[in-house]
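S.K.: Shown below is the structure under consideration.
The values are calculated or read from the model by the stated rules, or taken from the named source; none is laboratory data. These numbers come from a predicted model, not from an experiment. Neighbour counts run over all protein chains shown; Cβ positions are idealised from the backbone, glycine included.
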């Protein structure tokens, strides 16, 4: 079962870690050359060259939706998470107050059922992004 339907079914909370895709959905990484050679994201498969171009194409589609909504991609991404249900909480990490202020406005973005459906179509739950989220299997780190 996918995580989001399971969370809804069980009525439990969900905290979205790396809600902005390690800065990808905040526009911080437009090209791999934006990352310094020692940037930790270079170890993340979604930032490998063979995956990045595919993911950048998805981002361009998301940018079109954000432009139509007159919001940033980060705000749209956070709004999508918040629209999943009352118990969904994104954690958008940031080091800058201006980004914090921008991110907070994501809570004000209202998405219609049609817009939510369009976003779900762009990013189906079975995975539209190329590359794994982490550079290694982290499941053994969980206390189950």
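S.K.: What tally of residues in the stretch 1-47 results from selecting those that are part of a loop (DSSP other than H, G, I, E, B), within 17 Å of the chain's Cα centre (by Cα) and surrounded by 14 or more Cβ atoms within 10 Å (Cβ to Cβ)?
M.R.: 7
S.K.: Only one of (1) part of a helix (DSSP H, G or I); (2) within 18 Å of residue 121 (Cα to Cα) is not met by residue 84, so which one is it?
M.R.: Result: residue 84 passes all but (1).
S.K.: Criterion first (surrounded by fewer than 16 Cβ atoms within 10 Å (Cβ to Cβ) and part of a helix (DSSP H, G or I)) does residue 99 satisfy it?
M.R.: For residue 99, the condition - surrounded by fewer than 16 Cβ atoms within 10 Å (Cβ to Cβ) and part of a helix (DSSP H, G or I) - is not met.
S.K.: Return the pairs, sorted by first residue and then second, in which the second residue is exposed (fewer than 15 other Cβ atoms within 10 Å of the Cβ) and part of a helix (DSSP H, G or I), the first residue lies in the stretch 31-60 and is without any contact (Cβ under 8 Å) to a residue 40 or more places away in the chain, the beta carbons are less than 6 Å apart, and the residues are 6+ apart or on different chains.
M.R.: The qualifying pairs are 35/42.
S.K.: Right, another one. Just for the stretch 86-110: of the residues that are closer than 23 Å to residue 11 by Cβ and under 16 Å from the mean Cα position of the chain (by Cα), which one is modelled with the highest pLDDT?
M.R.: If we take residues in the stretch 86-110 being closer than 23 Å to residue 11 by Cβ and under 16 Å from the mean Cα position of the chain (by Cα), then 107 is modelled with the highest pLDDT.
S.K.: Looking at the stretch 66-79, is at least one residue under 18 Å from residue 122 (Cβ atoms), in contact with a helix residue (DSSP H, G or I) (Cβ under 6 Å, 6 or more places away or on another chain) and in contact (Cβ under 8 Å) with a residue 60 or more places away in the chain?
M.R.: no
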